[in-house]
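The values are calculated or read from the model by the stated rules, or taken from the named source; none is laboratory data. Keep in mind that this is a model prediction, so the values were computed, not measured. FYI the Cβ positions are ideal-geometry reconstructions off the backbone, even for glycines, and counts take in every protein chain you see. All accessible areas refer to the heavy atoms of the entire protein, side chains included, with ligands and DNA or RNA removed. Shrake-Rupley method; radii C 1.70, N 1.55, O 1.52, S 1.80 Å.
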2 protein chains.
Amino acid sequence: MIVTENMPPEAVAQKLSESGLRATPQREIVYRSLLTKRDHPTAEEVFARAKAEMPTISLATVYNCLETLVQCNLIRQVNHERGPTRYCPNLHPHAHFRDEQTGTMVDIDVPADLFERLKALLPTGLSASSVEITFRGKTQP
Amino acid sequence: MIVTENMPPEAVAQKLSESGLRATPQREIVYRSLLTKRDHPTAEEVFARAKAEMPTISLATVYNCLETLVQCNLIRQVNHERGPTRYCPNLHPHAHFRDEQTGTMVDIDVPADLFERLKALLPTGLSASSVEITFRGKTQP
DNA sequence: AGTGAGATTTGGAATTAATCTAAAGTAGTC
DNA sequence: GACTACTTTAGATTAATTCCAAATCTCACT
């Protein structure tokens with residue numbers, strides 16, 4: 001299955017088992033917490049949301065689940081400068097804009113041909129498996 | 001002075017004092033260590049090189065100097081995923097390619113018009129002060 | 001249904017990169 | 001030559017994440 005669209009919540013179990021992994025309640029809760037509020041939360045924020053549904057879940061588990069979901073391509077990691085890693089269920093190729101004041105992050109669609117032009121800049125011998133584009137700036141008042 | 005080219009080593013003192021800062025031996029050593037081997041070293045690596053020239057320099061000072069040099073636009077910070085921050089004296093707008101195996105990083109020139117096209121993707125209301133483009137992948141054998 | 005192997009979760013300790021702090025050193029100015 | 005502001009320094013501290021080893025769970029097989 002090639003992923004071009006965001007996973008519907010039901011597909012998590014399937015995608016996980018495709019990778020030989022189990023669809024545990026913790027993994028589903030963590031994944032749902034990304035889907036329901038798509039604001040690029042940090043692991044701590046996911047932890048807070050997950051605890052609301054399952055008070056016994058641990059922070060280590062949240063890190064484990066996020067890592068697992070990244071591994072089987074259900075979500076993406078987003079890093080910006082030294083800030084904590086954020087997580088994103090949008091699997092379309094896209095860029096991120098980060099507001100310097102508030103730290104909030106929004107998705108920016110990038111046409112496929114621009115990604116192609118960027119990849120074409122690489123000298124022969126280098127092949128990119130991913131391209132990360134991050135804008136930093138401010139939101140007009 | 002608008003910076004479009006890498007600073008010649010002599011220019012550091014001037015650039016620093018323009019910003020009301022002093023050209024200390026530590027700052028010059030740290031800057032030179034970036035110029036002489038342009039391999040995007042981490043603060044720890046800069047520290048090691050600086051110590052060879054000035055055994056009494058401290059790691060905190062290296063962090064301070066790097067921060068100062070970034071502030072007055074003599075060098076750039078480069079972040080990639082969770083790795084330690086790296087430093088780069090190349091002030092041209094450019095992208096970075098990072099080899100997943102070795103962790104080494106190389107500069108990739110990006111034509112100005114591509115940067116413009118990227119910035120044009122932002123919806124009205126968002127204005128970017130910088131764009132970071134990072135490729136991740138592998139170097140062909 | 002019971003059992004064993006392997007996967008998963010958990011809390012706490014450990015790690016890493018970076019920042020903070022407060023004291024000591026240095027430099028330009030009056 | 002002293003005042004003041006800027007710098008450096010070592011060590012303590014922080015923040016995010018990873019590691020670890022024990023407890024728990026789940027599936028496959030009997």
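Structural remarks
- Size of the B/A contact, given as accessible area buried on both chains, probe 1.4 Å, in Å²: 3100
- With all pairs of separate Cα atoms included, segment B:45-93 yields a Kirkwood hydrodynamic radius of 11.7 Å.
- Percent of Cα-Cα distances greater than 14 Å, calculated over segment B:94-137: 55
- Considering helices alone, the calculated mean residue ellipticity of the protein assembly as shown at 222 nm is -11000 deg cm²/dmol, with DSSP H runs of length four and up weighted by -39500 (n - 2.57) and normalised per residue.
- Residues of segment B:124-141 with amide N under 19 Å of a point placed 7 Å along Cα→Cβ from A:Arg136: B:126-136
- Probe 1.4 Å, accessible area per residue of the protein assembly as shown, Å²: 52
- Cα gyration tensor category, rounded, prolate or oblate, for chain A with a/c compared to 1.5: oblate
- Nearest-to-axis residue in chain B, judged by Cβ distance to the rotation axis that brings B onto A and given in whole Å, is B:Ile133, 3.
- Distance between the pseudo-spin-label points of A:Asp99 and B:Ala23 (7 Å out from Cα toward the beta carbon): 4.2 nm.
- Size descriptors for segment B:11-88: radius of gyration and Dmax over Cα atoms are 11.7, 34 Å.
- Rounded if a/c under 1.5, otherwise prolate or oblate - the protein assembly as shown, Cα gyration tensor axes: prolate
- Accessible-area composition of the protein assembly as shown, carbon plus sulfur, in percent [1.4 Å probe]: 52
- Once the partner protein chains are put back, segment A:93-118 shows a loss of at least 40 square angstrom of accessible area, versus the chain by itself, at A:Phe97, A:Ile108, A:Leu114, A:Arg117, A:Leu118 (probe 1.4 Å, ligands and nucleic acids excluded).
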